[in-house]
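Undergrad: Okay, here's the structure, questions in a sec.
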């Protein structure tokens, strides 16, 4: 089932205006904290009423300000996973999951469950899917964070939602648990292919879960596209920043030919970019362009220069080194005072044998330079 | 020794508490959940007995339900229902003065049930009534019960307003606190001591158990 919405909502100091149309897939709403991602889910579900707009599942309208349609939350059949789980603390895991299945009261649900009929079978299936076996009689305060969120997810799925909204569901959990639950989400989507919106501010999570990503900033969708598009071809400086392109510069187009686009940037000099952006470019135009930290290559002085790295060389000094476990982040300053952030793997770092104040030469890989947007004079 | 005041106090307190628990619960739900015109004013009026002198409250009730007011006249002539100088007057006084003690904890408990939890139930397809019955009240019951106990304790000790509206008629409207006042006035220390002992022990027990009972895991 497809979901489409176009929503407007104003609060003092915050304005949301979004429009998206999605199919039976997992899409990620990604953006910094306070960008209004959760609010979008609340508007879709009806927890908060939009000022104006439209929400529709296939052709069925759930909200339409023009025709005064506002279907109550309970009839929308939307599943919603809260960041703080929102489990019913006075009910066991079993009762929580069974709660949404029918309108039976909880004791009755428990009875039928004991007889192994309808509800009980369904609850057990979900418990198995969510790795919750053996916990049916536990209360939420006797569960770990991961177990709580899995219970909440099972409870949501039990009600057979048409749309699944996940509101930063894993942000309160530790890294390992989060990793596992992300895998669960992808598995569940295979079993129940429901239209799913996943909200996160975690870049890794966004990349892992969403084949398509909508980057949200200040209540608007700044870019919506495949994850490759968003990550390697950001359309605005903000998107580039959110996805971790720390190295963003302004420059002027000097030439455009079959070898690439040459941009002159102060402090760096001439830079050749291979990738053509979607928009038209002309000579003399001002543009911003960027390169991801892992695509800046530090040249090894003891080896001849690789042909692929002979472009876009910048001399300068190392100003900082931070070890991050899997890799190192090196901060670099060119002779003309332009700063760069460089990520290199541990093994490469060890071979380079450098320290703060070392003089090094870096290469901005021409195939990795991305022209983000054109700038007005 | 005449135990009528003890009997009357229990009868009045239980009746008043029944009103508090029913009418008060509706008010607590209304105030905790809804925004409506005059909500603030309603709250201020309900809370008044906490701050105005009981005699003033009693005077208001007397003016409202006495024969000189149209409400009092209507109740007496049409409904055949006399409030002033009957035990029913004592119930009204106990109800009005104990309502704020119920409302504060009950409202806090209802508001304390997280919005997300109630929304989760809504998203699972439940009606407002089902949510109230299966989520809100089961989660707020400790606070509501604490309110009921406080209101009951307050009702048993009601003095000033009761004296104004129900009077001090031995064997008819003389409640325990009023009987104590009477006994002291007449120098009957023996009766006063016993009645004081009863009411002290009672209040102590009520608060002790209310305190123990309302501490819980949720």
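Values in this text are rule-based calculations from the coordinates and carry no lab data. Just so you know, these numbers come straight off a predicted model, no measurement behind them. Quick reminder, even Gly has a Cβ in these numbers, built from the backbone with ideal geometry, and neighbours come from all protein chains shown.
Undergrad: Nearest 10 degrees is fine. How inclined is helix A:145-158 to the longest principal axis of chain A, computing both from alpha carbons?
TA: Around 60 degrees separate the two axes.
Undergrad: For segment A:245-374, what does the relative contact order come out to in percent, with C-alpha contacts under 8 Å and a separation of six or more?
TA: 33 percent
Undergrad: With label points built 7 Å along Cα→Cβ from the Cα atoms of residue A:264 and residue A:61, find their separation and express it in nm.
TA: About 5.7 nm separates the two model spin labels.
Undergrad: Also, quick follow-up: Return the calculated 222 nm mean residue ellipticity for chain A, to the nearest 500 deg cm²/dmol, obtained by summing -39500 (n - 2.57) across DSSP H runs with n ≥ 4 and dividing by the residue count.
TA: So the calculated ellipticity at 222 nm is -7000 deg cm²/dmol.
Undergrad: Using Cα-Cα distances under 8 Å and only pairs 6 or more residues apart, what relative contact order does segment A:116-248 have, in percent?
TA: 16 percent
Undergrad: Who wins for biggest fluctuation among B:83, B:131, B:199 in a Gaussian network model of chain B, springs between alpha carbons below 10 Å?
TA: Comparing B:83, B:131, B:199 in a Gaussian network model of chain B, the most mobile one is B:131.
Undergrad: Let me ask another. Take the Cα gyration tensor of chain B, multiply each eigenvalue by 5, square-root it, and list the three semi-axes largest first, rounded to whole angstrom.
TA: For chain B, the semi-axes come out at 35, 23, 13 Å.
Undergrad: Using Cα pairs closer than 8 Å and at least 6 residues apart in sequence, work out the relative contact order for chain A, in percent.
TA: Computed value for chain A: 16 percent relative contact order.
Undergrad: If the chain between residue A:306 and residue A:321 were fully stretched, how many nm would it gain, using 0.36 nm times the residue separation less the Cα-Cα distance?
TA: Taking 0.36 nm per residue and subtracting the Cα distance, the gain is 2.9 nm.
Undergrad: So for segment A:1-105, considering every pair of alpha-carbon atoms, how many percent are separated by more than 19 Å?
TA: Here the tail beyond 19 Å accounts for 52 percent of pairs.
Undergrad: With a 10 Å cut-off between alpha carbons and a GNM built on chain A, which of A:270, A:70, A:302 moves the most?
TA: Of A:270, A:70, A:302, the Gaussian network model singles out A:302 as fluctuating most.
Undergrad: On each of the three principal axes of the Cα atoms of segment A:147-226, give max minus min coordinate, whole Å, ordered largest first.
TA: 34, 29, 21
Undergrad: If you don't mind, another one. Report the percentage of all Cα-Cα pairs in segment B:150-198 whose separation exceeds 12 Å, rounded to a whole percent.
TA: Of the Cα pairs, 62 percent sit more than 12 Å apart.
Undergrad: Plugging the Kirkwood radius over Cα pairs into Stokes-Einstein for segment B:1-54, at a temperature of 37 °C and a viscosity of 0.692 mPa s, what D comes out in µm²/s?
TA: Calculated translational D: 244 µm²/s.
Undergrad: Here's another thing I want to ask about it. Suppose only helical runs count, i.e. DSSP H with n ≥ 4. What mean residue ellipticity at 222 nm does that imply for chain B under -39500 (n - 2.57) per run, divided by all residues and rounded to the nearest 500 deg cm²/dmol?
TA: Calculated mean residue ellipticity at 222 nm is -24000 deg cm²/dmol.
Undergrad: While we're on this one: Based on the Cβ-Cβ distance from residue B:4 to residue A:313, what FRET efficiency comes out when R0 is 60 Å, to the nearest 0.05?
TA: FRET efficiency, residue B:4 to residue A:313: 0.05.
Undergrad: I want to check the label-to-label distance for residue B:77 and residue A:131. Put each point 7 Å from Cα in the C-beta direction and report it in nm to one decimal.
TA: Each label point lies 7 Å from its Cα, and together they span 7.9 nm.
Undergrad: Now a separate question. Which whole number in µm²/s is D for chain A by Stokes-Einstein, with the Kirkwood Rh taken over Cα pairs at 20 °C and 1.002 mPa s?
TA: Reported coefficient: 91 µm²/s.
Undergrad: Moving to a separate point now. If I build a Gaussian network model for chain A, linking alpha-carbon pairs within less than 10 angstrom, which residue out of A:181, A:165, A:143 has the largest mean-square fluctuation?
TA: Comparing A:181, A:165, A:143 in the GNM, the peak value goes to A:143.
Undergrad: Full-extension gain between residue A:144 and residue A:204, please, as 0.36 nm times their residue separation minus the C-alpha to C-alpha distance.
TA: So the extension gain works out to 19.3 nm.
Undergrad: Go ahead and run the numbers for FRET between residue A:256 and residue A:286, Cβ-Cβ distance against an R0 of 25 Å, rounding to 0.05.
TA: Once rounded, the FRET efficiency stands at 0.95.
Undergrad: What do you get when you divide the Cα radius of gyration of segment B:30-77 by 2.2 N^0.38 Å, with N the number of residues?
TA: The value comes to 1.50.
Undergrad: At what distance in nm do the modelled label points of residue B:43 and residue A:278 sit from each other, each positioned 7 Å from its Cα along Cα→Cβ?
TA: 5.0 nm
Undergrad: Now, a different point. Please find the FRET efficiency linking residue B:169 to residue A:51, where r is the Cβ-Cβ separation and R0 is fixed at 60 Å, and quote it to the nearest 0.05.
TA: 0.45
Undergrad: Between residue B:56 and residue B:22, 0.36 nm times their residue separation minus their Cα-Cα distance comes to what?
TA: 9.7 nm
Undergrad: How tilted is helix A:175-191 with respect to the longest principal axis of chain A? Cα atoms for both, answer in degrees (0 to 90, nearest 10).
TA: Computed tilt is about 70 degrees.
Undergrad: Kirkwood hydrodynamic radius, segment A:245-374, all distinct C-alpha pairs: what's the number in Å?
TA: 15.1 Å
Undergrad: Follow-up. Please report A:280, A:142, B:158 as a ranked list, fewest other C-beta atoms within 10 angstrom at the top and most at the bottom.
TA: Listed from fewest to most nearby Cβ atoms, that is A:280, A:142, B:158.
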